[in-house]
1. Given the conditions (1) part of a strand (DSSP E or B); (2) surrounded by 21 or more Cβ atoms within 10 Å (Cβ to Cβ), report the number of the one that S136 does not fulfil.
2. Out of the residues in the stretch 165-201 that are in contact with a Lys or Arg (Cβ under 7 Å, 6 or more places away or on another chain) and either surrounded by fewer than 19 Cβ atoms within 10 Å (Cβ to Cβ) or of a type in the set (A, V, I, L, M) (or both), which is farthest from L263 (Cα to Cα)?
3. Return yes when E209 is in contact with an Asp or Glu (Cβ under 9 Å, 6 or more places away or on another chain), acidic (D, E), in the same structural domain as K251 (by TED's automatic domain parsing) and crowded, with 19+ Cβ neighbours inside 10 Å and no when it is not.
4. With the requirement that a residue be at pLDDT 75 or above, of a type in the set (D, E, K, R) and loosely packed, with under 11 Cβ neighbours inside 10 Å, what does the stretch 48-94 give you?
5. Any residue that is assigned by TED's automatic domain parsing to the domain that holds P115, touching a helix residue (DSSP H, G or I) at 6+ places or on another chain (Cβ under 6 Å) and farther than 17 Å from V280 by Cβ - is there at least one of those in the stretch 190-202?
6. How many residues are under 22 Å from A128 (Cα atoms) and free of Cβ contacts under 8 Å to residues at least 40 places away in the same chain when one looks only at the stretch 141-167?
7. For R155, are the conditions met, namely being among the basic types (K, R) and more than 24 Å from T232 (Cα to Cα)?
8. Kindly provide the set of residues from the stretch 95-120 that are small (G, A, S) and loosely packed, with under 14 Cβ neighbours inside 10 Å, ordered by number.
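The values are calculated or read from the model by the stated rules, or taken from the named source; none is laboratory data. Please read these numbers as outputs of a predicted model, since none were measured by experiment. Glycine also receives a Cβ, built like all others from the backbone with ideal geometry; neighbour counts cover every protein chain displayed.
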Amino acid sequence: MASLAAVLLLIASPVLADEPASAPAQSFVDPAMLSARADALRDAVADASVSNIKIKESAHGFFDRLPAETLVVPVRGYRRMEQEKVDGKLGSIVGMQEAADARIAEWKRTHKEPPPPELEATVAEARALHDDKRLSFDAEGQLSPNQMGIFKYMRDSLSGGIVKLNERMAVMGAIVGEAFTYATVAHEAQHALDRAAGRLTPEQEIAGEISAFRVQYLWLKLMDPSGERMLTLHARLKSRIPREQDEDVKKALTEAVVYLEHLSDVVSTNGKDDELKKLVLKLGYSDGKHEHSDDDHGRAPALPPSA
């Protein structure tokens, strides 16, 4: 009894004044652990075979530990939103192609279903166009500022068409990343495939654009399935514009925001023909109207005039 009385005395006694207690080290406890301890204490109280002394010891153990514990609540399934990694380097056609190859390889590693075959065919066509020196930047400045790219071909030939990208796409790549700017490459490469197959003609411009925008949609869904990369990038760039002092940089940021909004319009079609057609008409395309002579035709997807 003497030893038991001593234990109870130690539990009940305050710390002596000349022996200051050090702050207890904090530990972490979650609600499930606290619930288990409370259940054990409750069961002890309800059990007639457990002495009052044991119950008191258990109660002291439960409540005395709380000040030294920090309650944490686990969040099930928490994850950060996906964000596009942009290194700020000027974009290049080689870089865009490498970005496309990397995203397709990543898709194959992380998904059971393969990439859409029509998209893989378009990526292969873009590579072939570059290898044949038929895909390059528009060094002559023939494209208007809001035209990101163009596929030019001869009426009397199904082969030999060329793709030109607006040189501003290099700056765009530095701001939004080459995976996003590859969407324009995919668009133009699909025109080249459709022309080679005889599906692209001057008289059926709308159908040709629907085909190109559909592949562009497939690319965007492959590289950014959740849409979070586009959303977070758009928000970052748009919030920076009002704070930017350099007018040239502000203009480039504004163009990048408009470009992402254009890509968002493509994604919002869900790849459906009727919605794609609405987008094509909204952008001003129509059958039988061309910017070039009867022997030289082009398809130049343009951003809205505000770009």
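1. That leaves (2) as the condition not met.
2. Per the criteria, the residue is A174.
3. Working: in contact with an Asp or Glu (Cβ under 9 Å, 6 or more places away or on another chain): no; acidic (D, E): yes; in the same structural domain as K251 (by TED's automatic domain parsing): yes; crowded, with 19+ Cβ neighbours inside 10 Å: yes.
Against the criterion (in contact with an Asp or Glu (Cβ under 9 Å, 6 or more places away or on another chain), acidic (D, E), in the same structural domain as K251 (by TED's automatic domain parsing) and crowded, with 19+ Cβ neighbours inside 10 Å), E209 does not qualify.
4. If the condition is that a residue be at pLDDT 75 or above, of a type in the set (D, E, K, R) and loosely packed, with under 11 Cβ neighbours inside 10 Å, then R80, K85, D87 are the ones that fit.
5. Pass one, the stretch 190-202, residues assigned by TED's automatic domain parsing to the domain that holds P115: 190-202.
Right, trim to touching a helix residue (DSSP H, G or I) at 6+ places or on another chain (Cβ under 6 Å) and you get 190-194, 200.
Next, only the ones that are farther than 17 Å from V280 by Cβ stay: 192-193.
There is at least one residue in the stretch 190-202 that is assigned by TED's automatic domain parsing to the domain that holds P115, touching a helix residue (DSSP H, G or I) at 6+ places or on another chain (Cβ under 6 Å) and farther than 17 Å from V280 by Cβ.
6. Step one: list which residues in the stretch 141-167 are under 22 Å from A128 (Cα atoms), which gives 148-167.
Then drop every residue that is not free of Cβ contacts under 8 Å to residues at least 40 places away in the same chain, which leaves 157, 159-164, 166-167.
Matching residues across the stretch 141-167 total 9.
7. Numbers: among the basic types (K, R): yes; more than 24 Å from T232 (Cα to Cα): yes.
Here the answer is yes, as R155 does meet what is asked.
8. To start, the set of residues in the stretch 95-120 that are small (G, A, S) comprises 95, 99-100, 102, 105.
Correct list: A102, A105.
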